[in-house]
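The structure under discussion appears below in the form of structure tokens.
The values are calculated or read from the model by the stated rules, or taken from the named source; none is laboratory data. Values in this document were obtained by computation on a predicted structure and should not be read as measured data. Glycine gets a Cβ as well: all are built from the backbone with ideal geometry, and neighbour counts include every protein chain shown. Please note that ligands, DNA and RNA were not included when accessible areas were found on the heavy atoms of the full protein model with its side chains. Shrake-Rupley method; radii C 1.70, N 1.55, O 1.52, S 1.80 Å.
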Amino acid sequence: MSPLELLHDYTIRNVAIGAALLGLISGVLGSFAVLRKQSLLGDTMSHAALPGVCIGFIIAGAREMGIILLGALTTGALAALVMLLLTRNSRLKTDAGLGITLSTSFALGVVLLTHIQNMNNAAQGGLDAFLFGQAAATLRSDLWIMGGITLVALVLVSALWKEFKLVSFDPEFAASLGMPVMWLEVVLTVMIALAVVVGLQMVGVVLMAAMIIAPAVAARQWSRRLEGMVMLAAVIGVSGGVFGAVLSALSRGLATGPLIILSVSSVVMVSLLLAPGRGFVWEGVRLWRGRRRLRYQQVLTTLYRLAMHHADPVFRSEQGMLDTYHGHRTRTALRQLQKRGLVEWRSAPPDEPGGAKHWVLTARGHEEAKRILDSLGREEF
């Protein structure tokens, strides 16, 4: 399909807009979940939304998106609140509370889904698509619901920005200022449940956790401030969602939800590898440079200590002796030190047998070696 045909296709437009809304709300709210070290909260609530989907269908008797999403929001938020109560009022850690809530809720959802399938209700067709998503079934009315939920979430984040920011970084200090930390955490949790509800139609229960976490993780590698992280996470979420939707439209037989997750996850991988100052590549380069600098400093201080030990500022050290002392070849390090003017490659005096060349510290080399040893707090000898 040409780009013009993509723009005029009703289904593709709906899917792309829905994916953009999902990426927007997931990026913004996922940032707070990642900073609060509750990345798996989205996984718990997405699995806990399945019972709500089933209960909403049972109540409506048909596949009414509004009632189904309301049921998903209710059970997802309820599961998250139960997890908070368990971790605050018992000895359970957060990961244990998340695991218990997730498994119990999902098991209940599977039981209810099996019960619905045995009801012989013709309207149940496609209900199991909420497990993995069915983006192509997105209607314009569904987009209005998703857009309304996203708008409510963004308004709440804007209104409570300072409070959410403080609670995410230092909840104890926020409590000392008299802020209702418990209620703020509840609001944040319910808002993440809103994001989960938005994504059920697009990516499903199973993959929704990745959509909550991935944009925020990628943005965290590039930004050192919350404002920049949230904005960048939103951009990554929207871009990944739209790209995955378009890629699914251009490919035959490929599901939209997994392609959206793969698109966002590819940004995460690139960010983890190449983000300046934090990426694995930059960290590897930094470690390599540090080891090389340490090797140069070790060779330089060895020459300095030999000179001090023999009370001869121009003491001549043989290449083989230095290699034996350090246990590896030092010629490369010495050549680099020579380029910096810290050592010299001098010939032996004419009256010395053999006339071999030796390495000698320069005046700058003495000063640099002394500075290194002084910074390490070591005594000269």
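Compute and list, largest first, the equivalent-ellipsoid semi-axes of the range 140-290 from the alpha carbon gyration tensor, each √(5λ) rounded to a whole angstrom.
28, 26, 11
Report the trypsin sites (Lys or Arg not before Pro) located in the range 1-62 that are in a DSSP loop and have at most 12 other Cβ atoms inside 10 Å of their Cβ, or state none.
Lys37
Of all accessible surface on the range 153-238 at a 1.4 Å probe, what whole percent is carbon and sulfur?
C and S fraction of accessible area: 70 percent.
Between rounded, prolate and oblate, where does the range 76-216 land on the alpha carbon gyration tensor, with a ≥ b ≥ c its root eigenvalues, rounded for a/c under 1.5, else prolate if a/b exceeds b/c?
Taking the square roots of the gyration eigenvalues as a ≥ b ≥ c, the range 76-216 is oblate.
What is the extension gain from Leu160 to Leu254, computed as 0.36 nm multiplied by their sequence separation minus the C-alpha to C-alpha distance, in nm to one decimal?
Value of the extension gain: 29.9 nm.
Got a number for carbon plus sulfur as a percent of the range 282-378's accessible area, 1.4 Å probe?
52
Largest first and in whole Å, give the semi-axes of the range 282-378's equivalent ellipsoid, each being the square root of 5 times a Cα gyration tensor eigenvalue.
25, 16, 12
Could you tell me the accessible area of Leu78 in Å² (1.4 Å probe, neighbours in place), rounded to the nearest ten?
100
Translational diffusion coefficient, Stokes-Einstein: compute it for the chain using the Kirkwood radius over C-alpha pairs as Rh, at 25 °C and 0.890 mPa s, and state it as an integer in µm² s⁻¹.
99
So what does Glu344 come to for accessible area, using a 1.4 Å probe and Å² rounded to 10?
Spelled out: Glu344, probe radius 1.4 Å, area about 70 Å².
Using only helices, what value at 222 nm comes out for the chain when you add -39,500 (n - 2.57) per DSSP H run of length 4 or more and divide by the total residues, to the nearest 500 deg cm²/dmol?
Calculated mean residue ellipticity at 222 nm is -25000 deg cm²/dmol.
Among Val152, Val203, Val217, whose mean-square fluctuation peaks in a Gaussian network model of the chain (Cα, cutoff 10 Å)?
It is Val152.
Spin-label point model (7 Å from Cα, Cβ direction): what's the Trp183 to Val111 distance in nm?
That separation, rounded to one decimal, is 3.5 nm.
For the chain, set up a GNM with springs between Cα atoms under 10 Å and report which of Ser263, Ser141, Ser271 has the largest fluctuation.
The residue that fluctuates most here is Ser141.
Considering the chain as a Gaussian network with a 10 Å cut-off on Cα pairs, which listed residue, Ser105, Ser251, Ser39, attains the greatest mean-square fluctuation?
Top of the fluctuation ranking is Ser251.
Enumerate lysine pairs in the chain that are 8 or more residues apart or on different chains, then count those whose Cα atoms are under 24 Å apart.
6
Report in % the part of the accessible area of the range 1-143 that belongs to carbon and sulfur, leaving out ligands and nucleic acids; probe 1.4 Å.
65
For the chain, what is the accessible area per residue in Å², given a 1.4 Å probe and the full set of protein chains?
Per residue, the chain has 51 Å² of solvent-accessible surface.
³J(HN,Hα) across the range 83-98 via Karplus (A = 6.51, B = -1.76, C = 1.60, θ = phi - 60°), whole Hz, x for Gly/Pro?
After applying 6.51 cos²θ - 1.76 cosθ + 1.60, I find 4, 4, 5, 4, 6, 7, 10, 9, 8, 5, 7, 4, 5, 5, x, 5 Hz.
Treat every Asp and Glu Cβ in the range 3-275 as -1 and every Lys and Arg Cβ as +1, leave all other atoms uncharged, and give the resulting dipole magnitude about the Cα centre to the nearest 20 debye.
With only Lys, Arg, Asp and Glu charged at Cβ, the dipole is about 380 debye.
So how much slack lies between Thr11 and Asn89, counting 0.36 nm per residue of separation and subtracting their Cα-Cα distance, in nm?
Value of the extension gain: 23.3 nm.
If one computes the Cα centroid of the range 265-311 and of the range 1-79, what distance in Å separates the two points?
So the two Cα centres are separated by 46 Å.
From the mean inverse distance of alpha carbon pairs (Kirkwood) and the Cα radius of gyration, derive Rg over Rh for the range 1-105.
In the range 1-105, Rg relative to Rh is 1.11.
For Leu273, what accessible area in Å² do you get when you roll a 1.4 Å probe over the heavy atoms of the protein chains, rounding to the nearest 10?
The accessible area of Leu273 comes to roughly 70 Å².
Could you sort Thr114, Thr189 by their accessible area in this structure, using a 1.4 Å probe and putting the largest first?
Final ranking, largest accessible area leading: Thr114, Thr189.
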